[in-house]
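Notes to accompany the following structure.
Each reported figure results from applying straightforward, stated rules to the coordinates on display, with no laboratory input. Keep in mind the model is a prediction, meaning the values are calculated, not measured. Positions of Cβ are backbone-derived with ideal geometry, glycine not excepted, and every protein chain shown enters the neighbour counts.
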């Protein structure tokens, strides 16, 4: 396993971001973008050139979508991912366009949140969501890519059932252990018993469980939350996972940089005992 970091895709100042990542000793990243307007052929060439010049590998393209997004338990099911029918078609197009952009970059894993997938398979929204996701996954398959569901908004069993009902062989998991805790959906170590064989990417992020029924739990610095990273990484190793542990710290400014570098050292110490 290698250690990577998330990089937000911007049309101005991207090279400075990549240069900083390389300076801190990272060799791989997930590229995150919520701005379809910049997913052009011309910009893809520029992005490839920048990353190649600093010898940074893009392991996955985290593809955002347009429209409202409220990250809580009340408005979340109405606004996030492909579940809301009002935004579904536009967001399907966003994921397909993101797939095309990732293909230009030579990236085969495309990641996103799919929304609060209904736990009840008889929920009227579930069947139509599965059809939409099958169409998106089919499009990615034609591009030679895998569609990765990021964990958090559904239980591991619900995600597994959704994979089974979609029925395609290019589905995977971007395991965000903190999200499973922030949404109160599962212990991430135990979740590997259910979806471990599908894991193709991992976010190194930590968090605390929710303390009320409306708001998500709180993200914290690696090692200060409820994720048992030594055990999680040991389990991933036992499953044969050889991908990246991609550090994600969803704050900004100087403290974000400090926490990312601390996380890198924290993970390096764990990996010494495993590899």
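Laid out as a table, the results:
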| read-out | value |
| --- | --- |
| Relative contact order, percent, the stretch 1-144 [alpha-carbon distance under 8 Å, six or more residues apart] | 22 percent |
| Additional length obtainable on full extension of the chain from residue 143 to residue 239, 0.36 nm per residue less Cα span | 31.8 nm |
| The stretch 1-139, Cα convex hull volume normalised per residue, Å³ | 130 Å³ |
| Least to most buried among 74, 183, 198 (fewest other Cβ within 10 Å first) | 74, 198, 183 |
| Whole-number percent relative contact order across the chain, with pairs defined as alpha carbons under 8 Å at least 6 apart | 17 percent |
| FRET efficiency, 1/(1 + (r/R0)^6) with R0 51 Å, evaluated for residue 212 and residue 54 via beta carbons | 0.75 |
| Residues of the stretch 233-275 with amide N under 20 Å of a point placed 7 Å along Cα→Cβ from residue 17 | 244-264 |
| Ellipsoid semi-axes in whole angstrom, largest first, where each is sqrt(5λ) of the Cα gyration tensor of the stretch 13-78 | 28, 15, 9 |
| Potential lengthening between residue 272 and residue 8 on full extension [0.36 nm per residue; Cα-Cα distance subtracted] | 92.2 nm |
| Ratio of the Cα radius of gyration of the stretch 112-158 to 2.2 N^0.38 Å, where N counts its residues | 1.20 |
| Theoretical ellipticity at 222 nm over the chain - DSSP helices of four or more residues, -39500 (n - 2.57) apiece, nearest 500 | -13500 deg cm²/dmol |
| Contour minus Cα-Cα distance for residue 89 and residue 231 (0.36 nm per residue) | 47.1 nm |
